[in-house]
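Structure, as structure tokens:
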2 protein chains.
Amino acid sequence: MKKLFFLVILFAACSQDKKGTEPEKANSMKEQFAIVIHGGAGTILKENMTPELEKAYQGGLDRALEAGYAVLEKGGSSVEAVVEAIKVLEDDPHFNAGKGSVFSADGKNEMDASIMDGKNLMAGAVAGVRTIKNPITAARCVMEKSQHVMMVGKGAEEFARTCGCEFADTAYFFDQKRWDQLQKVKDTEQSVLDHGSTSANDLKDKKFGTVGAVALDKNGNLAAATSTGGMTNKKYGRVGDSPIIGAGTYANNKTCGVSCTGHGEFFIRSVVAYDVSSLMEYKGLSVEKAAEEVVMKKLVELKGEGGLIAMDVKGNITMPFNTPGMYRGYMKNGKKEILIYK
Amino acid sequence: MKKLFFLVILFAACSQDKKGTEPEKANSMKEQFAIVIHGGAGTILKENMTPELEKAYQGGLDRALEAGYAVLEKGGSSVEAVVEAIKVLEDDPHFNAGKGSVFSADGKNEMDASIMDGKNLMAGAVAGVRTIKNPITAARCVMEKSQHVMMVGKGAEEFARTCGCEFADTAYFFDQKRWDQLQKVKDTEQSVLDHGSTSANDLKDKKFGTVGAVALDKNGNLAAATSTGGMTNKKYGRVGDSPIIGAGTYANNKTCGVSCTGHGEFFIRSVVAYDVSSLMEYKGLSVEKAAEEVVMKKLVELKGEGGLIAMDVKGNITMPFNTPGMYRGYMKNGKKEILIYK
């Protein structure tokens with residue numbers, strides 16, 4: 001930390017010679033880099049957790065943070081960092097995204113993902129994909145290799161194939177616990193939300209969720225990304241907020257990067273991710289105040305449960321949620337923190 | 001008009017006796033009702049239009065306005081009014097929505113629609129549906145009869161069937177001109193955007209678009225809705241802004257109702273519909289100023305072509321667009337105006 005500070009000062013001094021005005025601010029911003037992630041919000045209570053399970057979640061979040069931070073440390077882009085962090089969480093069956101995605105009513109996985117680059121407001125999203133190993137790589141591919149923002153279903157998979165995304169069969173995505181979750185609710189005609197608080201007979205088994213990441217790279221660029229397996233027993237091609245730019249994901253270097261998790265329908269209706277950015281841009285709120293206003297007031301008034309992670313262009317991080325818990329963590333200036341409960 | 005004014009005065013007088021304060025304002029707001037619609041923005045130039053075609057467009061817009069206004073006049077809801085107006089435009093093959101939708105690369109129609117109720121922020125959307133006669137009725141059904149906001153593909157059609165939505169076969173949706181449009185671009189590997197200005201060799205044939213409506217009912221409730229056939233030759237399950245709440249459609253009694261039309265990708269990245277609302281809510285801009293800021297400045301900076309219609313809760317209407325033309329019109333206090341060019 002001391003070393004970093006010294007470097008910043010040194011940088012600032014050099015730069016002052018060249019550019020003249022406000023170099024400290026510009027350069028301290030450039031050296032600042034950080035990543036914040038979530039693994040879903042919901043009825044996550046200490047009393048329902050075993051030490052082994054807690055360790056497994058913490059381990060997954062830790063590996064994801066390290067993967068993203070390593071990219072940033074080497075001078076990689078925030079887009080690369082959020083993708084690497086999310087791939088770790090998608091590959092970890094404890095989280096409801098990629099491998100470990102919950103099952104829809106027809107016994108299949110339907111995954112959604114999105115990503116946004118705060119530098120140029122480019123964005124990409126896929127919804128209802130079933131065979132892409134890491135849906136976030138497909139979302140990135142839509143952003144970088146197509147003229148489009150959103151692709152759904154088989155068309156999205158066809159496009160991902162042209163990008164060289166890795167595919168996996170249903171055996172890869174199969175997870176016994178997720179399958180058992182489906183059998184439990186299958187005949188109830190109920191879709192179980194990924195925060196697990198609406199049909200809460202057996203909270204122990206309700207490890208639902210979404211995963212997300214927001215990163216700030218050394219060049220001062222923000223990126224945000226979100227990935228999910230949706231709801232257990234979902235029907236009718238339901239799509240939640242995760243692949244919706246403005247609702248589940250948003251990034252803009254002028255304001256902040258945001259990734260959401262919770263009861264998707266409320267997050268769409270509240271345009272949550274962009275609302276945080278709007279409150280910063282139009283009302284001058286800090287990222288903390290803006291996120292709190294949206295999650296703890298506006299969403300609560302609408303009875304929308306969930307949370308979000310957000311970071312501004314100076315690396316200020318906030319992780320508010322209105323549920324009992326949210327898997328979350330950040331890494332900044334070499335310091336790492338991983339949290340689950342309130 | 002005189003009669004209406006007399007009624008308002010009468011109402012105000014009665015009400016003053018009962019309630020005491022500011023009854024004129026409250027009641028004039030209650031009596032105020034209006035509808036505004038669009039049939040797509042794009043390279044719509046007088047010199048490329050025949051008198052017959054112009055008449056056909058004007059006729060479609062006129063019938064849609066009358067249908068929506070009739071609902072409002074009878075005291076019907078703004079939700080009902082926007083649905084009735086949009087059904088007229090969906091049924092009219094001149095507009096790219098419902099019958100008359102353009103063809104995707106595989107020679108089929110893929111339609112999207114969304115609706116939002118400003119009273120309670122409820123919303124519904126369908127994307128990539130192929131056999132629902134009026135996609136807007138399916139979007140309404142998702143809003144009113146499901147716990148979800150967005151459904152895509154076959155799942156959305158399955159749900160629409162449970163609601164009693166009317167279905168139609170591919171013969172119903174077939175339109176020779178749309179088919180010819182597809183044949184022209186089929187081998188170019190190009191998707192043709194619904195505003196038609198990017199591949200403009202033959203502007204005469206480029207009658208692309210989206211349809212939308214915003215209404216204010218006698219109870220002071222706003223609603224907004226949008227419906228589209230998307231892009232000619234589109235592939236990979238591409239979804240534009242029309243079914244995205246916050247991007248193509250938004251309504252909130254606190255601010256305004258908005259329906260967009262244009263190059264969908266830019267509208268998603270700019271969260272256009274909600275941005276108009278945010279500028280009103282957080283910066284105190286009027287609906288005119290807010291819409292102008294978004295369409296004529298923010299979208300133009302991003303090179304996003306298109307326009308929108310918006311109305312605030314007092315019935316103030318605005319219809320900005322940054323393209324040569326936009327099919328548009330409104331009806332308010334018995335006065336009707338229909339416009340095409342700048």
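The values are calculated or read from the model by the stated rules, or taken from the named source; none is laboratory data. None of the values given here were measured: they were computed from a predicted structure. Methodologically, a virtual Cβ is constructed for each residue, glycine included, from the backbone with ideal geometry; neighbour enumeration extends over all protein chains shown. Heavy atoms of the whole protein, side chains included, go into the accessibility calculation; ligands, DNA and RNA do not. Shrake-Rupley method; radii C 1.70, N 1.55, O 1.52, S 1.80 Å.
Brief remarks on what is shown
- Theoretical FRET efficiency, 1/(1+(r/R0)^6), r = Cβ-Cβ of B:LYS298 and A:GLU73, R0 45 Å, to 0.05: 0.85
- A:ASP62 label point (Cα plus 7 Å toward Cβ) to equivalent points in the other copies: 7.4 nm, shortest first.
- 4 °C / 1.567 mPa s Stokes-Einstein diffusion coefficient of chain A, Kirkwood radius on C-alpha pairs, µm²/s: 66
- Rounded, prolate or oblate (a/c below 1.5 giving rounded, otherwise prolate when a/b exceeds b/c) for the stretch A:287-339 by Cα gyration tensor: oblate
- The simple Förster model, with R0 at 22 Å and r as the Cβ-Cβ distance, assigns B:ARG161 and A:THR188 a FRET efficiency of 0.55.
- Selected from B:ALA97, B:ALA224, B:ALA171 as most flexible by GNM, with chain B as the system and alpha-carbon contacts under 10 Å: B:ALA171
- Distances between placed amide hydrogens fall under 5 Å for A:GLY329 paired with A:ILE37, A:LEU339, all partners being 5 or more residues away or on another chain.
- More than 28 Å apart - percent of Cα-Cα pairs taken over the stretch B:196-342: 15
- Solvent-accessible area per residue, Å², over the protein assembly as shown with all protein chains present [probe radius 1.4 Å]: 38
- Of the residues making up the stretch B:139-179, those losing 10 Å² or more of accessible area when the isolated chain is joined by the remaining protein chains, with a 1.4 Å probe, are B:GLN147, B:HIS148, B:VAL149, B:MET150, B:MET151, B:VAL152, B:GLY155, B:GLU158, B:PHE159, B:THR162.
- Each residue was assigned an accessible area with a 1.4 Å probe, and for B:GLU293 the value is about 60 Å².
- Annotation: amide H-H contacts under 5 Å for A:LEU285 (H modelled 1.01 Å from N, sequence separation of 5 or more, or interchain): A:MET280.
- Cβ-placed point charges (K, R +1; D, E -1), dipole of the protein assembly as shown about Cα centre in debye, nearest 20: 720
- A viscosity of 1.306 mPa s and a temperature of 10 °C, combined with the Kirkwood radius over Cα pairs in Stokes-Einstein, give a translational diffusion coefficient for the stretch B:19-146 of 96 µm²/s.
- With every protein chain in place and a 1.4 angstrom probe, the accessible-area ranking of A:PHE174, B:PHE95, largest first, reads A:PHE174, B:PHE95.
- Helical contribution to [θ] at 222 nm, DSSP H n ≥ 4, -39,500 (n - 2.57), averaged over chain B, rounded to 500: -11000 deg cm²/dmol
- Residue of B:SER286, B:SER101, B:SER146 that the Gaussian network model of chain B assigns the largest fluctuation, springs spanning Cα pairs under 10 Å: B:SER146
- Positive-end extreme of charge dipole, the protein assembly as shown - chosen from B:PHE33, B:VAL129, A:ALA213 (charges on Cβ): B:PHE33
- Nearest-10 value in Å² for the accessible area of A:VAL271, using the 1.4 Å probe: 0
- Fraction of accessible area attributable to carbon and sulfur, the protein assembly as shown (%, probe 1.4 Å): 53
- Dividing the mean sequence gap of close Cα pairs (under 8 Å, 6+ apart) by how many residues the stretch B:122-195 holds gives a relative contact order of 30 percent.
- Each Cα pair under 8 Å and six or more residues apart adds its separation to the average, and for chain A the resulting relative contact order is 23 percent.
- Residue with peak Gaussian network fluctuation, chain B [Cα springs, cutoff 10 Å], from B:LEU65, B:LEU308, B:LEU45: B:LEU45
- Difference of contour (0.36 nm per residue) and Cα-Cα distance, B:ASN219 to B:ALA56: 55.4 nm
- For the protein assembly as shown: span of alpha carbons on each principal axis (Å, largest first): 76, 57, 54
- Label separation (B:LYS254 vs A:GLN147): 3.8 nm, computed from points 7 Å beyond Cα along the C-beta direction.
- Placing a label point 7 Å from Cα along the Cα-to-Cβ direction at A:LYS298 gives distances to the equivalent points in the other copies of 1.2 nm, listed shortest first.
- Here the dipole of chain B is about 440 debye; that uses its Cα centre as origin and unit charges on the Cβ of Lys and Arg (positive) and Asp and Glu (negative).
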